[in-house]
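Each remark here refers to the structure printed beneath this line.
Nothing in this text is a laboratory measurement; each read-out follows from the coordinates by a stated rule. Here the structure is a predicted model, which is why all the values come from computation and not from measurement. All Cβ positions, glycine included, derive from the backbone under ideal geometry; neighbour counts span all protein chains shown.
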Amino acid sequence: MCELVGVDVNDFAKQLVDRRLTYGAIEGAVELKEAITRLYQNLTPDEIVTEHGAIGANNLVLNALVEPGDEVIAVTPTYQQLQSIPEAIGATVKLLPLKRENGYLPDAEQLRGLVSDKTKLIVLNNPDNPTGALMSQAGLQTIVDIAKSVDTYVLCDEVYRHLTQEDGYSPSIIDLYDKGISTSSFSKVFSLAGIRLGWLATHDQAVMKACLSYRDYETISCGQLDEMVGTLALKYQAVLLERNRGIVRENLKVLEEWVHQQPHITWLKPKAGTTALLYYDFDLPSTIFCDRLMKEFETLLVPGNCFDIENSLRIGYAFETAHLRDGMNQLGKSLAKLEQEAR
C-alpha cells in the first residue's frame, strides 16, 4: 500500500515500531474516526465506534439491540450472520426475499406487509452479497419511509459501498435516516482484510450508548497498529478506490465475456461489490457441484444452497485477472465434463 500511495515504507514502519503497544483508544483512535467521517455526510467522530471488521460491528449492533422475542426483518440472500445472530438471540426473524426477477432488490410492498409495531430492526446489505445488487437512493428512501412508519431501526451492512461498476454510489443509510446504522470495514473496498478493522456509525445516541456498553464485554479496543494502517489508507482513499474499482470493473468484463460463452450458465450481472451468482442448468445439488469442482479441478466456489438458492454458485472476482481467468477455465472444464456425463 505504501508504494501505491507514495509513502516511504521505512518511515511508516518506524512509526509502527515506535508506537507504544498499550490498549488502543477504547472507542477507536480519534484520527481514524475523523478520517471515517469523510465517507459520510454530516457525521462526527463520536458517532463512530471501531470494531474487528464489519463482522464484529454487525455482531455488536445485533447483540446490543436485539432481545429474545423481538421481531427482525432481514433480506435474503445475504451475509449469513445478519440472519443467524438474531435467530440465535431468540428473535423472530422474518425474511424478505431478494428475487432475481426483481433485480435482487427489496420488494417495498412485501416489506410493508412484514413490518409491524413489534419490528425492532430491518437488516439490509447494500451492495448485496452474494448478488452484487445495488439499491438506488430512491430505493433506500422507500425503505426508510417504511421504517419510519413503525419507528424501527435500519441496519445496513455497507462493506461493498464505493465498489460500483459505474461512477457514483448509493448514499449510506445514515445519510438518509437518523435511526439508520451503517457498518463497514477495510476488508473489501480497501483490500485490507488483514488488519481486521471495521466500524459502525449512527446518529442515534441510544444505539451508540447500547453498543458502547456491550462492547466493553467483547472488544475493549482495536489494535493500535491496525488503526494506524487504516488511518493511512483513508488518507489516500481516492488512490486506493481508483485502483480497486479498476480491478473489479476489468474483472467483471472478463467474467461477463466468459458467461456469454457458456451454454449452461446464466446470471444477472452485478452492479457493485465483488461477487456474483451464476446459475447452471444441470440436475446436480450445488454442494456436490462445488465439492467436485474443488477435488477434480482445484477451484473453489460457494454453493448456492448456502444462500438457499439451489442450482447456483457464488463466484468472487476481486483478485488478479490472470488468476480469475485460470479459475474460469477450470470451471469451464467442469461444465464440459458435466455435459458429457448428462448425454
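Descriptive notes on the structure:
- T22-C306 FRET efficiency (beta carbon distance; Förster radius 56 Å; 0.05 resolution): 0.85
- All Cα pairs of region 1-146, percent lying beyond 19 Å: 66 percent
- Farthest toward positive dipole pole in region 2-235 [+1 Lys/Arg, -1 Asp/Glu at C-beta], among A133, Y40, T92: T92
- Counting only DSSP beta bridges with both residues in the chain, the antiparallel share comes to about 50 percent.
- Applying D = kT/(6 pi eta Rh) to the chain, where Rh is the Kirkwood radius over alpha-carbon pairs, T corresponds to 4 °C and eta to 1.567 mPa s, the Stokes-Einstein value obtained is 61 µm²/s.
- Linear extension gain, S84 paired with K14, 0.36 nm per residue minus alpha-carbon span: 21.0 nm
- Exposure proxy order (Cβ contacts within 10 Å, fewest to most) of T274, T219: T219, T274
- Calculated P(r) tail over 15 Å for region 84-178, as whole % of Cα pairs: 61 percent
- Ratio of the Cα radius of gyration of region 240-342 to 2.2 N^0.38 Å, where N counts its residues: 1.05
- Between region 187-240 and region 49-76, the alpha-carbon center distance in angstrom: 15 Å
- The chain, helix-only ellipticity at 222 nm - DSSP H runs n ≥ 4, -39,500 (n - 2.57), divided by all residues, nearest 500: -13500 deg cm²/dmol
- Straight-line cross-link reach from K333 at under 28 Å between alpha-carbon atoms covers these lysines, not counting any fewer than eight positions away in the same chain: K253, K269, K271, K295.
- Whole-number Å³ per residue for the convex hull built on Cα positions in region 143-258: 141 Å³
- In terms of Cα atoms, the Rg and Dmax of region 54-123 work out to 12.1, 35 Å.
- Among the listed pairs K179/K209; K33/K148; K148/K179; K33/K235; K120/K148, a Cα-Cα separation exceeding 18 Å is found for K33/K148.
- Relative packing of peptides 5-18, 236-249, 195-208 - highest average C-beta neighbours within 10 Å first: 195-208, 236-249, 5-18
- For the chain, the residue among G69, Q262, M228 whose Cα projects farthest onto the positive side of the dipole built from Cβ charges is Q262.
- For region 240-342, size of Cβ-based charge dipole, Lys and Arg +1, Asp and Glu -1, in debye: 420 debye
- Per-residue Karplus couplings for region 102-111, computed as 6.51 cos²θ - 1.76 cosθ + 1.60 with θ equal to phi - 60°, are listed in order as 10, x, 6, 9, x, 8, 4, 5, 5, 5 Hz, Gly and Pro entered as x.
- Summarising the label geometry, the points placed 7 Å from Cα in the beta-carbon direction at K253 and R112 lie 4.2 nm from one another.
- Once backbone amide H atoms are built at 1.01 Å from N, V93 has V72 as its partners under 5 Å, excluding neighbours fewer than 5 places away on the same chain.
- Working note: Karplus 6.51/-1.76/1.60 with θ = phi - 60° gives region 22-39 the couplings 8, 4, x, 4, 4, 9, x, 4, 4, 4, 5, 5, 4, 5, 5, 4, 6, 8 Hz, where Gly and Pro are set to x.
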